[in-house]
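Shown next, in structure tokens, is the structure this report addresses.
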């Protein structure tokens with residue numbers, strides 16, 4: 001089997017849903033949000049403020065940090081595409097189990113706990129909570145509200161969201177690499 005060709009210099013290589021993606025010759029000022037919505041048709045990630053203030057565009061990046069993987073939520077509306085190079089990207093579409101169609105535990109918790117109303121902000125909340133889920137076992141209320149500090153909701157308020165995550169955290173097993 002032939003080895004894949006190395007991308008041209010300036011190409012961006014990242015992993016999305018377990019698949020290596022290469023973007024060649026892209027505009028270095030193109031945002032991750034533009035790439036997701038316009039190039040890949042991933043419209044679950046929303047544009048709210050386009051200034052990094054509302055969290056509707058939140059996605060998660062994973063990267064090696066020593067011997068472990070570090071997950072962090074980012075605002076894709078102000079993150080430039082070249083910053084994806086060498087990292088793994090998770091969007092709200094990445095979370096559903098491909099084999100069974102089951103929702104990720106964070107998504108299921110919000111659905112079961114009535115943590116969504118109009119739904120516009122929900123993907124951003126889900127991704128912020130996914131990053132928390134991947135990094136912290138049994139988060140307390142302070143950790144949950146801290147993780148959600150960059151997400152705004154105008155319909156539901158935060159009480160149902162926080163309660164749903166607290167209930168789910170009490171029943172979920174600890175994710176790999178999470179700390180107490």
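Scan region 142-152 and tell me whether some residue there is farther than 26 Å from residue 69 by Cβ and over 15 Å from the mean Cα position of the chain (by Cα).
We begin by selecting, within region 142-152, every residue farther than 26 Å from residue 69 by Cβ; these are 152.
Imposing the further condition that a residue be over 15 Å from the mean Cα position of the chain (by Cα) reduces the set to 152.
Yes.
Evaluate region 23-45: report whether one residue or more is at pLDDT 95 or above and in a strand (DSSP E or B).
Yes, region 23-45 contains a residue that is at pLDDT 95 or above and in a strand (DSSP E or B).
Being without any contact (Cβ under 8 Å) to a residue 60 or more places away in the chain, under 15 Å from the mean Cα position of the chain (by Cα) and over 13 Å from residue 74 (Cα atoms) is the filter here, so list the residues in region 111-135 that pass it.
Of everything in region 111-135, those that are without any contact (Cβ under 8 Å) to a residue 60 or more places away in the chain, under 15 Å from the mean Cα position of the chain (by Cα) and over 13 Å from residue 74 (Cα atoms) turn out to be 122, 133.
Could you tell me which of the residues 24, 19 is more than 18 Å from the chain's Cα centre (by Cα) and surrounded by fewer than 21 Cβ atoms within 10 Å (Cβ to Cβ)?
Values: 19 fails: more than 18 Å from the chain's Cα centre (by Cα).
Result: 24 is the single residue among 24, 19 that is more than 18 Å from the chain's Cα centre (by Cα) and surrounded by fewer than 21 Cβ atoms within 10 Å (Cβ to Cβ).
Give me the residue from region 57-80 that is touching a helix residue (DSSP H, G or I) at 6+ places or on another chain (Cβ under 8 Å) and more than 16 Å from residue 90 (Cβ to Cβ) and, out of that set, surrounded by the fewest Cβ atoms within 10 Å (Cβ to Cβ).
Step by step, filter region 57-80, then rank; the result is 80.
Among the residues of region 81-101, write down those that are out of contact with any helix residue (DSSP H, G or I) (no Cβ under 8 Å at 6 or more places or on another chain) and farther than 20 Å from residue 147 by Cβ. Give the steps one after another, and end with the answer.
Applying the first criterion (out of contact with any helix residue (DSSP H, G or I) (no Cβ under 8 Å at 6 or more places or on another chain)) to region 81-101 yields 82, 85-88, 93-94, 97-101.
Scanning region 81-101 gives 82, 85, 86, 93, 97, 98, 99, 100, 101.
For the structure I just gave you, tell me whether residue 14 is touching a strand residue (DSSP E or B) at 6+ places or on another chain (Cβ under 7 Å), over 17 Å from residue 132 (Cβ atoms), in contact (Cβ under 8 Å) with a residue 40 or more places away in the chain and not in a loop (DSSP other than H, G, I, E, B).
Numbers: touching a strand residue (DSSP E or B) at 6+ places or on another chain (Cβ under 7 Å): yes; over 17 Å from residue 132 (Cβ atoms): yes; in contact (Cβ under 8 Å) with a residue 40 or more places away in the chain: yes; not in a loop (DSSP other than H, G, I, E, B): yes.
Yes, satisfied.
Considering only region 45-65, state which residues are under 11 Å from the mean Cα position of the chain (by Cα) and more than 11 Å from residue 151 (Cβ to Cβ).
Just the residues of region 45-65 that are under 11 Å from the mean Cα position of the chain (by Cα), to begin with: 45, 55-62.
Within region 45-65, 45, 59, 60, 61, 62 qualify.
Could you tell me whether any residue of region 122-139 is in contact with a strand residue (DSSP E or B) (Cβ under 8 Å, 6 or more places away or on another chain) and over 24 Å from residue 14 (Cα atoms)?
Within region 122-139, one or more residues are in contact with a strand residue (DSSP E or B) (Cβ under 8 Å, 6 or more places away or on another chain) and over 24 Å from residue 14 (Cα atoms).
Please work out which one of (1) at pLDDT 90 or above; (2) under 27 Å from residue 50 (Cα atoms) is the condition residue 102 fails and give its number.
Unmet condition: (2).
The values are calculated or read from the model by the stated rules, or taken from the named source; none is laboratory data. Note that this is a predicted model, so its numbers are computed, not measured. FYI the Cβ positions are ideal-geometry reconstructions off the backbone, even for glycines, and counts take in every protein chain you see.
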